[in-house]
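Structure first, commentary second.
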Amino acid sequence: MPSLMDTYIENRSIVNPNDANILGSAHGGNVMKWMDEVGAMSAMRFAGETCVTARMDQTNFRRPIPQGDAALIRAYVYEAGRTSVKVRVRVYREDLRSNETQLTTESYMVFVAIDDEGEPVAVPELTIESDRGHELYDAAVNGKED
């Protein structure tokens, strides 16, 4: 059975001019796309199947990510149903020169595992085997910092 830490993924994208809005920061639609991609990767790593987005809870934009900084996206599975996978996704603004990070965006997402015909398939049971895994689980279910 896959453990929570097996699903933990970090990815980065530089905010280039074509990713920015007229104010010179990451366009919200691009941030949501990055969240969806990394969330799906985490879900697929867990399920061992293709996973598609079923729901994205409210997305909270706390602060912008300036052009030239990196968008650091972190995602992990914290719960699994019969065919669905719940993923916590958080985005940070990262200044690559100073390594300073600030939370910018977050959401909880649900993905459904599907087979080659697009039909839902069962996912494994999630295990939590490490102290860090328990910390991440607690942070996700209680809406705390991780």
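The values are calculated or read from the model by the stated rules, or taken from the named source; none is laboratory data. It should be emphasised that the depicted structure is a prediction, and the values quoted were computed from it without experimental measurement. Note: ideal-geometry Cβ built from the backbone for every residue, glycine included; neighbour counts use all protein chains shown. Note: areas computed on protein heavy atoms with side chains; ligands, DNA, RNA excluded. Shrake-Rupley method; radii C 1.70, N 1.55, O 1.52, S 1.80 Å.
Remarks
- Subset of the range 40-50 [in contact with a strand residue (DSSP E or B) (Cβ under 6 Å, 6 or more places away or on another chain) and open to solvent by 10 Å² or more (accessible area, probe 1.4 Å)]: Ala40, Met41, Met44, Ala47, Glu49, Thr50
- Some residue of the range 121-129 being under 13 Å from the mean Cα position of the chain (by Cα) and either aliphatic (A, V, I, L, M) or open to solvent by 50 Å² or more (accessible area, probe 1.4 Å) (or both): no
- Subset of the range 92-115 (residues that are farther than 18 Å from Pro64 by Cβ, surrounded by fewer than 21 Cβ atoms within 10 Å (Cβ to Cβ) and touching a residue at least 24 places away in the same chain (Cβ under 8 Å)): Tyr108, Val110, Ile114, Asp115
- Taken over the range 61-91, residues that are within 27 Å of Ala113 (Cβ to Cβ) and open to solvent by 60 Å² or more (accessible area, probe 1.4 Å) amount to 4.
- Only one of the numbered conditions (1) open to solvent by 40 Å² or more (accessible area, probe 1.4 Å); (2) of a type outside the set (S, T, N, Q); (3) touching a Lys or Arg at 6+ places or on another chain (Cβ under 8 Å) is violated by Arg55, and that is (3).
- Number of the condition not met by Arg45 [criteria: (1) touching a helix residue (DSSP H, G or I) at 6+ places or on another chain (Cβ under 9 Å); (2) assigned to a strand (DSSP E or B)]: (2)
- The range 74-87 residues that are touching a residue at least 60 places away in the same chain (Cβ under 8 Å), paired with ones that are among the basic types (Lys, Arg) and open to solvent by less than 10 Å² (accessible area, probe 1.4 Å) (beta carbon under 7 Å, 6 or more apart): Arg74/Arg90; Ala75/Arg88; Tyr76/Arg88; Tyr78/Arg88
- Hey, Glu37 open to solvent by 70 Å² or more (accessible area, probe 1.4 Å), part of a strand (DSSP E or B) and either more than 14 Å from Val112 (Cβ to Cβ) or among the basic types (Lys, Arg) (or both) or not: no
- Matching residues in the range 8-34 - criterion: being among the hydrophobic types (A, V, I, L, M, F, W, C) and open to solvent by less than 60 Å² (accessible area, probe 1.4 Å): Ile9, Val15, Ala20, Ala26, Val31, Trp34
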